[in-house]
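Written below as structure tokens is the structure these notes are about.
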Amino acid sequence: MHTPMNQKSTLTEIQERFDRDVERFSNLITGQQATMDAPLVMDLITQAAKTATPHAKRILDVGCGAGNNTLKLLQMINPLDCDMVDLSRPMLERARQRIAAVNSGEVRLFQEDIRIVNLPEGHYDIILAAMVLHHLRETQDWEDTFRKLYRLTAPGGSIWIADFVAHENQSMQEIMWERYGKYLESMGGVAYREKVFAYIDKEDTPRPVTFQLDLLRQSGFSEVEILHKNSCFVAFGAIKKG
Ligand SMILES: C[S@@+](CC[C@H](N)C(=O)[O-])C[C@H]1O[C@@H](n2cnc3c(N)ncnc32)[C@H](O)[C@@H]1O
């Protein structure tokens with residue numbers, strides 16, 4: 001990553017990019033293809049959510065995009081009351097439309113930053129956060145957000161995260177980054193790889209999964225699990241004591 005922290009995309013810039021990108025996040029079969037193992041990861045986090053919290057009635061999807069992960073979960077637990085948080089109104093509207101077609105539960109939309117959105121504490125049986133937390137910036141941001149997600153989780157509830165991560169060790173970072181570059185080239189050639197690398201550099205500030213697992217425990221979650229890791233992509237989560 002070359003772009004200094006203070007020149008990374010603002011929230012408005014992130015929102016505007018996603019406003020224009022709804023279609024790419026609306027495929028439930030492939031998921032979003034710049035993500036390695038996207039269909040597997042959607043399956044894993046939603047299956048883990050259903051298994052850890054089979055009684056779920058209320059879920060929160062953070063950075064929900066067009067609702068892919070909530071839709072996957074609804075294939076296993078239905079109905080669900082769904083609170084959907086995203087910066088992008090077109091993403092939220094697409095999520096509502098797709099979810100309403102298969103779910104009789106209530107759907108509420110929050111067009112807000114997860115850091116400031118006001119949501120009920122101890123309320124959510126399941127929280128999903130897929131491909132969104134890498135937009136958090138400073139360490140304080142990460143700590144506050146994980147603590148907030150813990151407070152929002154109901155006793156006995158669970159949180160499942162899929163994300164693009166960095167590595168603690170620079171050599172590991174280089175290996176994983178190169179592998180991801182090869183994956184992108186196989187999907188769309190060198191031009192596609194450069195395009196994705198350019199927006200990651202401008203927009204994203206990923207942190208190691210090890211750091212995030214520590215944060216889950218420090219926030220209060222009792223059982224922490226890694227579901228999958230392939231290069232820079234990880235699926236993991238945790239359960240809050242009942
Ligand atoms: C890469 S997309 C992932 C969408 C969906 N979770 C999925 O897996 O298909 C990231 C989404 O997070 C939203 N987002 C980014 N930063 C956010 C923030 N601070 N608060 C709420 N939403 C955010 C973006 O608007 C975008 O729709």
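Bear in mind these aren't lab numbers, they're just calculated from the coordinates by the rules spelled out. Computed from a predicted model, the values in this text were never measured in an experiment. Heads up, the Cβs are rebuilt from the backbone with ideal geometry, glycines too, and the neighbour counts pull from every protein chain shown.
Could you please rank Ile127, Ile239, placing first whichever residue has the fewest other Cβ atoms within 10 Å of its Cβ? List each step's numbers first, then the result.
Working: Ile127 28, Ile239 20.
Ordered from fewest to most neighbouring Cβ atoms within 10 Å, Ile127, Ile239 come out as Ile239, Ile127.
Separation between the Val224 and Gln75 pseudo-spin-labels, each 7 Å from Cα along Cα→Cβ, expressed in nm?
That separation, rounded to one decimal, is 3.0 nm.
Which cross-chain or sequence-distant (5 or more) residues have an amide H under 5 Å from the amide H of Gly105, H modelled 1.01 Å from N in plane?
Leu80
Check the straight Cα-Cα distances from Lys72 and name the lysines below 26 Å, setting aside those fewer than 8 residues away within the same chain.
Lys50, Lys57, Lys148, Lys229, Lys240, Lys241
Connecting C-alpha atoms closer than 10 Å in a GNM of the chain, tell me which of Ala49, Ala100, Ala129 has the biggest fluctuation.
Ala100
Residues of the stretch 85-124 with backbone nitrogen within less than 17 Å of a virtual label 7 Å along the Cα-to-Cβ line of Thr12, please, listed as ranges.
87-89, 112-113
Antiparallel as a % of all DSSP beta bridges within the chain, to the nearest 5? Could the numbers behind the result be given before it?
Values: 14 of 34 bridges.
Of the beta bridges lying entirely in the chain, close to 40 percent run antiparallel.
As a footprinting exposure proxy, order Phe110, Phe233 by other Cβ within 10 Å, with the fewest listed first.
Details: Phe110 17, Phe233 22.
Going from least to most buried by this count: Phe110, Phe233.
Under 18 Å from the Cα of Lys202, which lysines turn up, not counting those fewer than eight places away in the same chain?
The reachable lysines, counting only those whose Cα sits under 18 Å from Lys202, are Lys8.
Just to check I understand the Karplus step: with θ = phi - 60° and J = 6.51 cos²θ - 1.76 cosθ + 1.60, what whole-Hz values come out for the stretch 10-16, glycine and proline as x?
Along the stretch 10-16, the couplings run 7, 4, 5, 5, 4, 4, 5 Hz.
Output ³J(HN,Hα) for the stretch 220-227: one whole-Hz value per residue in order, computed from phi by the Karplus curve 6.51 cos²θ - 1.76 cosθ + 1.60 with θ = phi - 60°, and x for Gly and Pro.
x, 4, 9, 10, 10, 10, 9, 9
If you stretched the chain out fully between Glu23 and Ser186, how much longer would it get, using 0.36 nm times the residue separation minus the C-alpha to C-alpha distance? Present the calculation step by step, with values, prior to reporting the outcome.
Details: separation 163, 0.36 × 163 = 58.68 nm, distance 2.13 nm.
Gain on extension, Glu23 to Ser186, equals 56.5 nm.
Could you pull out every residue, at least 5 positions away or on a different chain, whose amide H is within less than 5 Å of the one on Gly157? Hs are placed 1.01 Å off N in the peptide plane, and Pro or chain starts have none.
Excluding prolines and chain starts, which carry no amide H, the hits are Lys240.
Based on the Cβ-Cβ distance of Asn118 and Leu40, what FRET efficiency does E = 1/(1 + (r/R0)^6) give at R0 = 45 Å, to the nearest 0.05? Spell out each step's value before the answer.
Numbers: r = 34 Å, r/R0 = 0.76.
The formula returns an efficiency of 0.85 here.
Using alpha carbon coordinates only, what is the Rg to Rh ratio of the stretch 5-239, with Rh defined as the Kirkwood radius? Spell out each step's value before the answer.
Details: Rg = 16.6 Å, Rh = 17.8 Å.
Taking Rh as the inverse mean 1/r over Cα pairs, Rg/Rh reads 0.94.
What are the ³J(HN,Hα) couplings of the stretch 100-107, residue after residue, when phi is run through the Karplus curve with 6.51, -1.76, 1.60 and θ = phi - 60°? Round to Hz, x for glycine and proline.
For the stretch 100-107, the Karplus-derived couplings read 4, 5, 10, 9, 9, x, 6, 10 Hz, x marking Gly and Pro.
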